[in-house]
Every structure is written in structure tokens, then in C-alpha cells.
Amino acid sequence: MAEGPGRNVKARARLNREILTTGWGGRRRMVEYKAYWVIPVDPRYTSRTCAACGHVDARSRRARAFECVACGHADHANPNVARIIRRQGPALLHGGERSGLPTPASRETDRELAA
Ligand SMILES: [Zn+2]
């Protein structure tokens, strides 16, 4: 069965157009400018990782659905990835890899991080 265009079509079209115009680098610079700080996380395998048990398997991901082949945890794929990324940020802040430390959006933020 073919899927319809879905929700927020105009907003997604605008976002896609913006990404094409500025590229991911421009998008990242804008987020860094607007955000208090940015914690870059490694996105590799996030779409294949279970937010409940941490098992990594490509078979768990089926289009927009996620169903862990190890523990049976089921969720929409996007919230599953969001939970994993949300956990990675604080983990990187507290003893993570140097490359994962937050990128301060301003010098003021940089001083706060050093304190
Ligand atoms: Zn699982």
C-alpha cells in the first residue's frame, strides 16, 4: 500500500530546501549559533540500536518501525533513535571521548564549561 505525503509536508520541504541551499555545515553553524551548546554525537548504528537493551542489529529496523530482534522492544524508529542520541550526549560530557565534548556556541559558554 502506497503511503500518502504525511504530515508537515510544507515544513519538511522548507527544511530540505534549506539543507540543499546551505548544506549540513551551514545548518550546523546555525544550530551552534542558536543553541546554548551543541554536543556532537556519533550517529553510526543509532538506527539499528535498541533503546531498551542496546542490542545492535540491522534486522530490528523495518522502515519506520523498530522491533528489537533480541528483546522485542517495539517503537517508531525515530523516537528509538532519539532516546539513544539523548543518552549519548550526557555520556560524552561525563568522561566520553575528547571529540565528543560540547562545541560551545560562544566564548561565554566556553568559560562556563572550563569552570
Ligand atoms: Zn532490545
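Taken along the Cα-to-beta-carbon direction at a fixed 7 Å, the label points for residue 62 and residue 91 span 2.6 nm.
Subtract the Cα-Cα distance of residue 24 and residue 53 from 0.36 nm times their separation in residues, and report this length gain in nm to one decimal. Please report the intermediate quantities before stating the final value.
Numbers: separation 29, 0.36 × 29 = 10.44 nm, distance 3.11 nm.
Here the segment from residue 24 to residue 53 would lengthen by 7.3 nm.
For the stretch 1-52, place one equal point scatterer on every Cα, skip the solvent, and apply the Debye formula. What is log10 of I(q)/I(0) at q = 0.13, 0.24 Å⁻¹? Here the Debye-derived log intensity ratios amount to -0.55, -1.00. Summing charges over neighbours of residue 22, with a neighbour being any other residue whose Cβ is under 15 Å away from its Cβ, gives +4 when K and R count +1 and D and E count -1. Of the trypsin sites (Lys or Arg not before Pro) in the stretch 2-63, the ones in a loop by DSSP (not H, G, I, E or B) with at most 12 other beta carbons within 10 Å are 7, 44.
Just so you know, all these numbers are worked out from the coordinates, no wet-lab data involved. Note that the structure is predicted; figures quoted are calculated from it, not measured. Using ideal geometry, Cβ is built from the backbone for each residue, glycine included, and neighbour counts are taken over all protein chains shown.
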